[in-house]
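J.: Encoded as C-alpha cells, here's the structure I'll be asking about.
The values are calculated or read from the model by the stated rules, or taken from the named source; none is laboratory data. All of these numbers come straight from a predicted model, not from anything done at the bench. Neighbour counts are summed over all protein chains in view; Cβ atoms, including those assigned to glycine, are modelled from backbone coordinates with ideal geometry.
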Amino acid sequence: MSPEQEMERARQAQRLLEDPLFKAAREDVYGQLRAARISAPTTDANLHSSLILMEQMADRFFGYFQQMAQTGQFAQLHLDELEQRRRGLAERLKSYATWGRNGL
C-alpha cells in the first residue's frame, strides 16, 4: 500500500474515531461488558472467561481504527521526510548549476 493510500485510510479511521456515534457505540459496548462482568456470579468461570474474550475482541476491533490512524501519521512523516530530501537535492542541484562545483 502506498503512503498516500495509508494516509487516506488513516483519515477515514480518524473520522470514525472522532464521530460521536462511534464514540457512543464504543462506550456502550465497554459499559455493557463491564456491567456483565460485575453482575456475573463469581462461581461461573466459563462466563468470566467468555466476558474476558469479548473484551479482548472489543479491544482489537476498536484498536484497529486507532492503529490505522497512527499508521497514517507515520506515512505522513515518511512523505514529509521524502519531500525534505527532494527539496534539499533540488537546492544542491540549483547551487551546482549556478556556481559549479565550487558552489557545493
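J.: Kindly indicate which of ASP44, ASP19, ASP28 is at pLDDT below 95 and of a type in the set (Asp, Glu).
T.: Details: ASP19 fails: at pLDDT below 95; ASP28 fails: at pLDDT below 95.
Exactly one of ASP44, ASP19, ASP28 is at pLDDT below 95 and of a type in the set (Asp, Glu), namely ASP44.
J.: In addition: Can you name every one of the helices (runs of 4 or more DSSP H) wholly within the chain that holds 3 or more residues which are in contact with a Pro (Cβ under 9 Å, 6 or more places away or on another chain)?
T.: Values: elements: 3-18, 20-39, 45-99.
It comes to 45-99.
J.: With respect to ALA58, is the statement that it is more than 26 Å from PRO3 (Cβ to Cβ), surrounded by 14 or more Cβ atoms within 10 Å (Cβ to Cβ) and not β-branched (Val, Ile, Thr) true? Give the steps one after another, and end with the answer.
T.: Values: more than 26 Å from PRO3 (Cβ to Cβ): yes; surrounded by 14 or more Cβ atoms within 10 Å (Cβ to Cβ): yes; not β-branched (Val, Ile, Thr): yes.
Yes.
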